[in-house]
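Trainee: Quick one: structure below, then a few questions.
The values are calculated or read from the model by the stated rules, or taken from the named source; none is laboratory data. Note that this is a predicted model, so its numbers are computed, not measured. Because the Cβ atoms are built from the backbone with ideal geometry, glycine has one as well, and the counts that use them run over all protein chains shown. Note: areas computed on protein heavy atoms with side chains; ligands, DNA, RNA excluded. Shrake-Rupley method; radii C 1.70, N 1.55, O 1.52, S 1.80 Å.
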Amino acid sequence: MPRFKLLLLALLFLAGCASQPPAQFAAEAQLAPDDLLDGRPFGVGPAEAPEDPALLAVNDDMRAFLAERVPERASDSRKVELILDGILAGGLELEYDNLLTLPASEAFYRRAGNCMSFTNLFLALAREAGVRASYQEVMVPPTWTEGDGAWYYNLHVNVLVDLPAEQRVVDFNLGDYRGAYPRRLISDDEGESRYHNNMGVHFMTREQPARAFLHFRRALALEPEASHVWANLGTLYRREGRLARAEAALRHSVDLASEPVALSNLSRLYQEHGYAALAERYERRVARLRESNPYYLYYRAEEAYEDGAYVLAQRRLRRALELQAQDHHFYHLMAMIMTQRREPELARKFLQEAKALAGEENRRRYTHKLKLLADS
């Protein structure tokens, strides 16, 4: 199966905004969050809103799809398997498109979509089949991809199914899912907020600022403290040359959650406009957040390993393990480092640790690697 990821896109242009505002921003320096939701800069009235997406609505065609593939008397666990098979394999064969965000019914007909499309479709079908399922947000380390002249900061969402004897995670790319990541259930309103955030990003990259603003405003109506949406709204204002509004939105994002996206954008906005000391202050905050994130350190350790800098990779990974000792990938990488450093006993020790923490598929892989080490 192709490698799929359930990603929620929070746009980051590598330019951005942060203490007391410089003089050129001062004209609107006292803007409150509610002021930033006034659509007049975009020619948008207070009552205007995007069309209701009916995100989880199920129609007769979808019910017929379920009736054909999912027996009513099947166990909930079996229903999950049959729905997934219907979506990904012999039924719809849903194709992944990172920038295609669709409600459940549109994903059903178009047989394509991104993380939100898959999540919405599975969630709608599972609930229609009587299975208890919810959106789940996974706090993954930041990952970045480039497209349409923009950088995307990817957030991760999947589905948590509540079965009688267990809870099961449904993820477009379960092989990349790590149980050690912090996660939380989110409400349907929060799920819809993420949909509108994605649509705001979509229209912003297509130079349709008024439509982007409407979706960001709707996302914040559903989830007022969504710091990543405020960061995106700041990016939209910056693109439109509304620097004071950009700064205010980004600062509000930082106030809500020390949002790294907003911190980085604040730093870059000040740097662009000649306020180097202020820019450096916020860049230092970004650096501190990164250095306290075990997955960022793991990523840097991987970089060093690929460059052949094994001592540096070991030092970075040791710090990551101090912060997060429950992820088998960390121990596997350390075993690889020890192998390169010609420390076979330590390599075996770390592989055993990785095996103890891993799921069944990875345990088999680690068992094989341990055998190879023993035979070497």
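Trainee: With Val311, Val261 as the choices, which residue is surrounded by fewer than 21 Cβ atoms within 10 Å (Cβ to Cβ), β-branched (Val, Ile, Thr) and part of a helix (DSSP H, G or I)?
Mentor: Working: Val261 fails: surrounded by fewer than 21 Cβ atoms within 10 Å (Cβ to Cβ).
The match here is Val311.
Trainee: Still on this structure, I have one more. Answer yes if at least one residue in region 184-195 is aliphatic (A, V, I, L, M) and within 21 Å of Arg290 (Cα to Cα), and no otherwise. If you could, list the steps in order and put the result at the bottom.
Mentor: Narrowing region 184-195 to residues aliphatic (A, V, I, L, M): 185-186.
Narrowing further to those that are within 21 Å of Arg290 (Cα to Cα): none.
Looking for residues that are aliphatic (A, V, I, L, M) and within 21 Å of Arg290 (Cα to Cα), one finds none in region 184-195, hence no.
Trainee: Let me ask another. Looking at region 186-207 only, could you name the residues that are of a type in the set (D, E, K, R), under 18 Å from Asn98 (Cβ atoms) and open to solvent by 20 Å² or more (accessible area, probe 1.4 Å)? So that I can check it myself, show each step before the final result.
Mentor: Taking region 186-207 first, the residues of a type in the set (D, E, K, R) are 188-190, 192, 194, 206-207.
Among the residues that remain, those that are also under 18 Å from Asn98 (Cβ atoms) are: 194, 206.
Arg206 - this is the single residue of region 186-207 that is of a type in the set (D, E, K, R), under 18 Å from Asn98 (Cβ atoms) and open to solvent by 20 Å² or more (accessible area, probe 1.4 Å).
Trainee: Same structure again: Counting only residues that are surrounded by 14 or more Cβ atoms within 10 Å (Cβ to Cβ) and charged (D, E, K, R), how many does region 338-364 have?
Mentor: Counting residues in region 338-364 that are surrounded by 14 or more Cβ atoms within 10 Å (Cβ to Cβ) and charged (D, E, K, R) gives 7.
Trainee: Look through Leu312, Leu323 and report the one residue that is out of contact with any Lys or Arg (no Cβ under 7 Å at 6 or more places or on another chain), at pLDDT below 95 and either on the phi < 0 side of the Ramachandran plot or among the acidic types (Asp, Glu) (or both). Full working, then the answer.
Mentor: Details: Leu312 fails: at pLDDT below 95.
Step by step, each of Leu312, Leu323 is checked, and only Leu323 is out of contact with any Lys or Arg (no Cβ under 7 Å at 6 or more places or on another chain), at pLDDT below 95 and either on the phi < 0 side of the Ramachandran plot or among the acidic types (Asp, Glu) (or both).
Trainee: Taking region 267-296 as the region of interest, how many residues are open to solvent by 80 Å² or more (accessible area, probe 1.4 Å), among the charged types (D, E, K, R) and over 18 Å from Arg319 (Cα atoms)?
Mentor: So the count comes out to 5.
Trainee: Cβ-Cβ distance below 6 Å, separation of 6 or more or different chains: which pairs start in region 61-88 with a residue that is under 17 Å from Ser117 (Cα atoms) and end on one that is open to solvent by 30 Å² or more (accessible area, probe 1.4 Å)?
Mentor: From region 61-88, the pairs are Gly86/Arg69.
Trainee: If Gln326 satisfies all but one of (1) in a helix (DSSP H, G or I); (2) surrounded by fewer than 17 Cβ atoms within 10 Å (Cβ to Cβ), what's the number of the condition it fails?
Mentor: (1)
Trainee: Just the residues that are outside any loop (DSSP other than H, G, I, E, B) and modelled with pLDDT of 90 or more, please, taken from region 84-111. If you could, list the steps in order and put the result at the bottom.
Mentor: As a first pass, look at region 84-111 and keep what is outside any loop (DSSP other than H, G, I, E, B): 84-88, 95-96, 104-110.
If the condition is that a residue be outside any loop (DSSP other than H, G, I, E, B) and modelled with pLDDT of 90 or more, then Leu84, Asp85, Gly86, Ile87, Ala104, Ser105, Glu106, Ala107, Phe108, Tyr109, Arg110 are the ones that fit.
Trainee: Quick one: which residue in Val157, Val169, Val161 is of a type in the set (A, V, I, L, M, F, W, C), modelled with pLDDT of 60 or more, in a strand (DSSP E or B) and surrounded by fewer than 19 Cβ atoms within 10 Å (Cβ to Cβ)?
Mentor: Selected residue: Val169, the only one of Val157, Val169, Val161 that is of a type in the set (A, V, I, L, M, F, W, C), modelled with pLDDT of 60 or more, in a strand (DSSP E or B) and surrounded by fewer than 19 Cβ atoms within 10 Å (Cβ to Cβ).
Trainee: Just checking, which of Ala74, Ala126, Ala49 is among the aliphatic types (A, V, I, L, M), part of a loop (DSSP other than H, G, I, E, B) and under 28 Å from the mean Cα position of the chain (by Cα)?
Mentor: On the way: Ala74 fails: under 28 Å from the mean Cα position of the chain (by Cα); Ala126 fails: part of a loop (DSSP other than H, G, I, E, B).
Going through Ala74, Ala126, Ala49 in turn, just one is among the aliphatic types (A, V, I, L, M), part of a loop (DSSP other than H, G, I, E, B) and under 28 Å from the mean Cα position of the chain (by Cα): Ala49.
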